[in-house]
Amino acid sequence: MRASRFHLATLKETPVDAEIVSHQLMLRAGMIRRHAAGIYSWLPLGLRILRKVEQIVREEMNRAGALELLMPSFQPAELWQESGRWDQFGPELLRLKDRHQRDACIGPTHEEIITDIFRREVNSYRQLPLNFYQIQTKFRDEIRPRFGVMRSREFIMKDAYSFDLDRDAMQRSYDIMDQAYVRIFDRFGLDYRAVSADSGAIGGSTSQEFHVLAESGEDAIAFSDQGDFAANIETIEALPQDGERAAPDAAMQTVDTPGMHSIADLASGLGVSAHQCLKTLIAEGADGGLVALVLRGDHELNALKAGHLDGVASPLRLAQPEQIKKRLGSDIGSIGPIGIGIRTYVDRSAARLSDFVCGANQNDKHHIHANWGRDCAEPEVADIRSVVDGDPSPDGRGRLRILRGIEVGHIFQLGQKYSESMQATVLDEQGKAVVPFMGCYGIGVTRVVAAAIEQNHDEHGIIWPEALAPFQLAICPINYHKSDLVRQAADDFYDGCIARGLDVLLDDRPLRPGVIFSDMELIGVPRRVVFSERGLSAGQFEYKGRRDAAAQDLPLDELTSFIEKTLSSRQ
RNA sequence: CGGGGUGUAGCGCAGCCUGGUAGCGCAACUGCUUUGGGAGCAGUGGGUCGGGAGUUCGAAUCUCUCCACCCCGACCA
């Protein structure tokens, strides 16, 4: 590709609305452009990268025996009514009516459609196992789209669906996908982790997420520093501590704590440490009432675990301050478990405290030296906190370390949820109709592109991993438009690269070298070759890898062999 | 949906308080010079000032209203 004929649309200034690096760089490099909240076009440069991602996914899915098909975005409401999700899905499902007033939606996912295909196409156990996949546009009407294509409303996803006769066979299909995902993420060249996860709204049991590691990741994931344990932090059990609760050593007192509303205020105001204080959160109950959730001051509530408790609204919703004031008579910041008068769950770590500090359920008052079993009843204990760095690993091996990740893939065992509700069956060996077991497997294709940038960039721009780079090599002639010598050398080399099937970008624009270098670095081409009059007359060319600190001058007669070597030795 | 904010040239912004010829930088276009790290000079084009209504002799500016977008929160892949 010649840059003069490619739509290189780089921006010098950072668009003010872009919050995170990947979004800023994708706009600056001219990969994407926004039309509305969460709605983007992919310009030619961005599409090249998207296609690389898709191609790797496609090759590995095919290798794993999955079959590509393509399903519609526009989906009739009947199928969603059959599965029950027409009512279950919230406003995230974009619903519309066609000219005949028939209800429909723009697909946020495709379980209904694939199950409809399956029940019409497949009749016999002999046709199983089966795995269909597509790479297609999804639409989810997010409450708040943000971070560019990281959380957009319209996005591209690879979704695959497996069908098996029984649970064991489903497990085998799932394992095959697990392996395929490992190959896919290895080939992307990204630093990633597979972790066990919650299956969320899609349903099903066993599930695993694939996260690209990045500081800016929205998810926290934890690993054992000794064993193989790895999981999304929201699913991890915080193990009970060994040993007994210490005996009380003083009588409870009530003290004035004016203006101390946060745990930090309280700890510094009373001269105690945060872990000696109780944090009491109020959630909405399943029956419309309120439930108290008590944690140690230095711990965070795990909303997923708390939402599973008996009597707590699921998904978890924290109560509004007015609601709390009305029911409990005091403001957030002075609430505590003693005499609270609503159902109360106490986290394991909080239940082990003695002589703790807690709100007195009167504004600006707290208890000190409070103790379970003496100043109030023994607590109802539950595991409701998020694990923290250094907690013991739930598999009993080592301690947990916590990293941040961007979820780019998720594989689930769905079981019979959809096949059952939509009455998809096949005949088994005995001629009996059986309900097949399904799995579903997603990769956020557009999100992979953004995640790759989050993980690989510097102050000059994007640094593409080899497999995703829009071009393998940038040819940067200096004064291409002025110097016959330079133009000749650049053209010859470019033609040779094209003939060898390399994907190269020749920057033949009549620009100053600084502009060319900056653009090539911004768009993240992994390596560049520079031709100049000075170098050519000395029989040299210049080479620099995108991550190299400095360029090197090399003999011209080694040009082809050198490039071949760097292309094949790269990782 | 709740809270906060912003809409002026492709991008980044000033002007608004105190009503009176719509400006600056970058980008684009033309010419000359320059040419190994986002050049210089000269010139040119580009605006429903988010939309509508109102007040006024006169509205980017004041008032009302609608819309869009951004940030924080709950939600989610």
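Of note:
- Restricting the range A:51-155 to trypsin sites (Lys or Arg not before Pro) that sit in a DSSP loop and have at most 12 other Cβ atoms within 10 Å of their own Cβ leaves A:Arg99, A:Arg102.
- Evaluating 6.51 cos²θ - 1.76 cosθ + 1.60 at θ = phi - 60° for every residue in the range A:311-316, the Karplus couplings come out as x, 9, 4, 10, x, 4 Hz, glycine and proline recorded as x.
- Theoretical gain in end-to-end length, A:Asp191 to A:Asn62 [0.36 nm per residue, Cα-Cα removed]: 44.1 nm
- Average accessible area per residue (Å²) across chain A - probe 1.4 Å, nucleic acids and ligands excluded: 45 Å²
- Straight-distance crosslink candidates among lysines, where the alpha carbon sits under 26 Å from A:Lys365 and sequence neighbours closer than 8 are dropped: A:Lys279, A:Lys325, A:Lys326
- Segment A:Arg245-A:Thr206, extension gain: residue separation times 0.36 nm, minus the distance between their alpha carbons: 10.5 nm
- Fraction of accessible area attributable to carbon and sulfur, chain A (%, probe 1.4 Å): 48 percent
- Calculated FRET value between A:Glu420 and A:Thr254, using beta carbons and R₀ = 45 Å, to 0.05: 0.20
- Placed amide H near A:Arg374: partners under 5 Å, 5+ positions off or other chain: none
- Here the Karplus relation 6.51 cos²θ - 1.76 cosθ + 1.60, evaluated at θ = phi - 60°, turns the backbone of the range A:324-331 into coupling constants of 5, 4, 5, 7, 9, x, 9, 7 Hz, with x for every Gly and Pro.
- Distance from the Cα centroid of the range A:295-340 to that of the range A:406-458 is 35 Å (rounded to whole angstrom).
- Applying the criteria of a DSSP loop state and at most 13 other Cβ atoms within 10 Å to the GluC sites (Glu not before Pro) of the range A:87-127 yields A:Glu92.
- Rounded Å value of the spacing that divides the Cα centres of the range A:50-117 and the range A:499-552: 44 Å
- Working note: Karplus 6.51/-1.76/1.60 with θ = phi - 60° gives the range A:59-68 the couplings 4, 6, 5, 4, 4, 7, x, 7, 10, 7 Hz, where Gly and Pro are set to x.
- Here the contact order of chain A, divided by its residue count and restricted to Cα pairs under 8 Å and six or more residues apart, works out to 17 percent.
- Antiparallel DSSP beta bridges within the range A:253-382, percent to nearest 5: 65 percent
- Of all lysines in the structure, those lying under 30 Å Cα to Cα from A:Lys565, and not within fewer than 8 positions of it along the same chain, are A:Lys52, A:Lys544.
- Of the trypsin sites (Lys or Arg not before Pro) found in the range A:400-484, those in coil by DSSP whose Cβ has at most 16 other Cβ atoms within 10 Å are A:Lys432, A:Lys482.
- Antiparallel %, DSSP beta bridges [both residues in the range A:471-569], to 5: 55 percent
- Environment charge at A:Ser354 (Cβ cut-off 12 Å; Lys +1, Arg +1, Asp -1, Glu -1): -1
- The H on the amide N of A:Tyr192, modeled in the peptide plane, is under 5 Å from the matching H of A:Leu213, each at least 5 residues off or on a different chain.
- A:Ile39-A:Glu322 pseudo-label distance in nm [points 7 Å out on the Cα-to-Cβ vector]: 3.4 nm
The values are calculated or read from the model by the stated rules, or taken from the named source; none is laboratory data. Predicted model, so just to flag it, every value in this text is computed and none were measured. Reconstructed Cβ throughout: ideal geometry from the backbone, glycine too, with neighbour counts over all protein chains shown. All accessible areas refer to the heavy atoms of the entire protein, side chains included, with ligands and DNA or RNA removed. Shrake-Rupley method; radii C 1.70, N 1.55, O 1.52, S 1.80 Å.
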